[in-house]
1. So who's got an amide H within less than 5 Å of the one on Phe67, skipping anything under 5 residues away but keeping other chains? H placed 1.01 Å off N, in plane.
2. Taking a cut-off of 13 Å, what percent of all Cα-Cα pairs in region 394-454 are separated by more than that?
3. Listed highest first by mean packing, meaning other Cβ atoms within 10 Å per residue, what order do 80-92, 357-369, 433-445, 408-420 come in?
4. At 7 Å along Cα-to-Cβ for each site, give me the label-to-label distance between Thr88 and Ile354 in nm.
5. Expressed as a whole percent, how much of the Cα-Cα distance distribution for region 165-310 exceeds 26 Å?
6. If I take all pairs of Cα atoms in the chain, what percentage of them are more than 42 Å from each other?
7. What is the calculated FRET efficiency for Gln245 to Trp173, with r their C-beta to C-beta distance and R₀ = 45 Å, to the nearest 0.05?
8. Stokes-Einstein D for region 189-266 at 25 °C, 0.890 mPa s, Kirkwood Rh over Cα pairs, in µm²/s?
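Rule-based calculations on the coordinates, nothing more; no lab input. Every value quoted in this text rests on a predicted model; they were computed, and no experiment measured them. Ideal geometry is used to build each Cβ from the backbone, glycine not excepted, and the neighbour counts take in all protein chains shown.
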Amino acid sequence: MIARNAWRLVEEPESLWGMMLKAKYFKNSDFLNSKCPKSASWAWKCLHQIKEKIKPFITWIVGDGKFIDPWCDRWIPEIGTAQPKQNTNPEPTLKVADFIDQETRTWNRSKLHMHFDQSFIERIVAIPLSSATSRDRRAWELTRDGVFTSKSAYFGLRTQRNQTSEEIWKAIWRTKLPHRIQLFIWKGAKNAIPVRDILYKRMNIGDNRCPRCNQDTETVIHALVTCPYVSRIWQSSILHTTTEQFRDKSLLEWLKFWLGIDPYRRNTNLPEEFPFVACLMWSIWMSRNDLLHNNHLQSDQFILNRALKMTPLHQNPVRQIIATGDSEPHTTSAWRPSRNGWTKINTDGAWDPINLKGGLGFIIRDCLGTFKFAAAVPTNVSSAEEAEIRAIWIAMKKAVELGIKTLEIEGDAAVVVEQLQRRNYRGSWNTEAFLRDIEVWSTNFEKLSFNYCPRLCNSVAHELAQWAKNSQYSMFWASPPMWLIPALGRDHTLF
Ligand SMILES: [Zn+2]
């Protein structure tokens with residue numbers, strides 16, 4: 001409850017209560033940066049204490065940038081506050097607004113270069129700016145729309161205290177997996193699997209090199225994830241995951257990533273893939289032992305298939321995809337053109353969680369199902385949700401350009417569609433700017449509806465997004481490209 005009160009002070013500093021406290025405790029700053037004098041009342045001391053605890057979860061979402069102090073406020077994703085360029089002092093009067101060209105609503109790179117190092121500039125220019133100016137907003141980082149909830153505060157404060165290992169254990173335990181695989185993963189997290197590096201250090205066995213590549217030291221992360229021979233298996237699996245990023249990390253980081261535990265990288269889609277990730281790690285370990293003890297080399301395909309067989313069926317995204325691809329789709333789950341007089345746009349976003357490469361795709365068809373326009377645009381994104389929202393954003397931008405007045409937008413991202421149906425345009429640092437644009441553009445339409453459709457009915461947009469992600473080319477088509485025709489044909493034979 002105290003946390004909720006503290007958050008109210010952050011969000012509504014102009015409330016009567018906020019003004020009273022301001023006069024007393026933070027005349028010259030704001031609540032988040034306020035101090036706690038010894039003479040303060042008991043209530044203020046409590047409030048101050050809880051404020052310090054929730055502070056790490058509060059960020060600014062950049063609007064016009066006029067309120068944000070670049071050096072004191074948290075506004076850069078994953079870093080927080082900015083640091084001045086080497087050998088320069090922070091200029092105290094600067095606001096984030098000074099780095100934004102308000103006319104074009106883009107970041108002013110030359111201005112940024114005067115004050116920041118390259119690594120900061122790259123992070124800053126990745127922050128999207130909406131085309132219409134809006135006020136800066138303080139956001140709560142632990143919910144997807146930045147709105148404070150007591151539950152998320154409780155969770156956030158708790159994980160802050162006892163950090164990783166207990167959380168990981170619980171997450172592994174909650175995942176439906178064969179018991180021996182759960183134990184194996186847990187041992188891996190505790191660095192307790194007999195890889196050569198550990199045996200070498202403890203028992204002084206002769207060789208600490210990896211039996212697969214014969215080059216690098218066989219640590220746990222090397223044996224299960226980053227060895228070039230193992231990396232190839234992850235790459236060719238349904239996850240299409242690159243492992244490069246984890247080269248210098250521990251297995252704990254890898255597990256945290258797939259479990260979505262790290263608060264700065266939380267993503268609701270990843271935990272669904274965890275059972276398969278766990279089974280593949282186990283299968284890779286089995287093949288390593290077979291190689292070491294029996295001198296028998298198992299094929300990548302064999303290792304992948306064994307992991308698939310071990311993955312519990314209802315949690316197996318891979319099997320679901322195969323199953324729906326093989327069977328004849330049911331007629332009620334087929335794509336349909338929009339109602340008379342309406343134009344339909346199907347959108348989809350694709351995303352690779354490891355290299356952060358993404359793709360946006362959309363296709364415009366009229367009420368007879370006739371192809372009007374399609375696009376595939378590669379982009380760097382930091383979550384699946386961002387990719388989905390940006391796909392809708394770019395589709396709407398095109399619809400406005402084409403002067404479409406009656407529009408139905410259809411996509412398979414249920415959470416995003418549901419949010420737009422409620423006309424809720426709040427997001428996080430990487431989505432809010434796009435949602436604001438969507439809000440502004442929606443006034444251009446006489447009729448506009450957002451609808452959810454199952455993946456199967458969205459296959460054309462899906463292929464466009466995948467194409468953009470894989471090719472990294474931007475393409476716009478006024479008539480369909482050859483490779484898209486089979487997917488278009490499928491939609492047509494079905495309605
Ligand atoms: Zn190796």
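1. Those qualifying (amide H under 5 Å, at least 5 residues apart or on another chain) are Asp136.
2. 62
3. Working: 80-92: 13.0, 357-369: 21.9, 433-445: 18.5, 408-420: 20.4.
Those peptides, ordered most packed to least, come out 357-369, 408-420, 433-445, 80-92.
4. With each label placed 7 Å out from Cα toward Cβ, I get 3.7 nm.
5. Of all Cα-Cα distances in region 165-310, 20 percent exceed 26 Å.
6. In whole percent, the long-distance tail amounts to 29.
7. 0.95
8. 184
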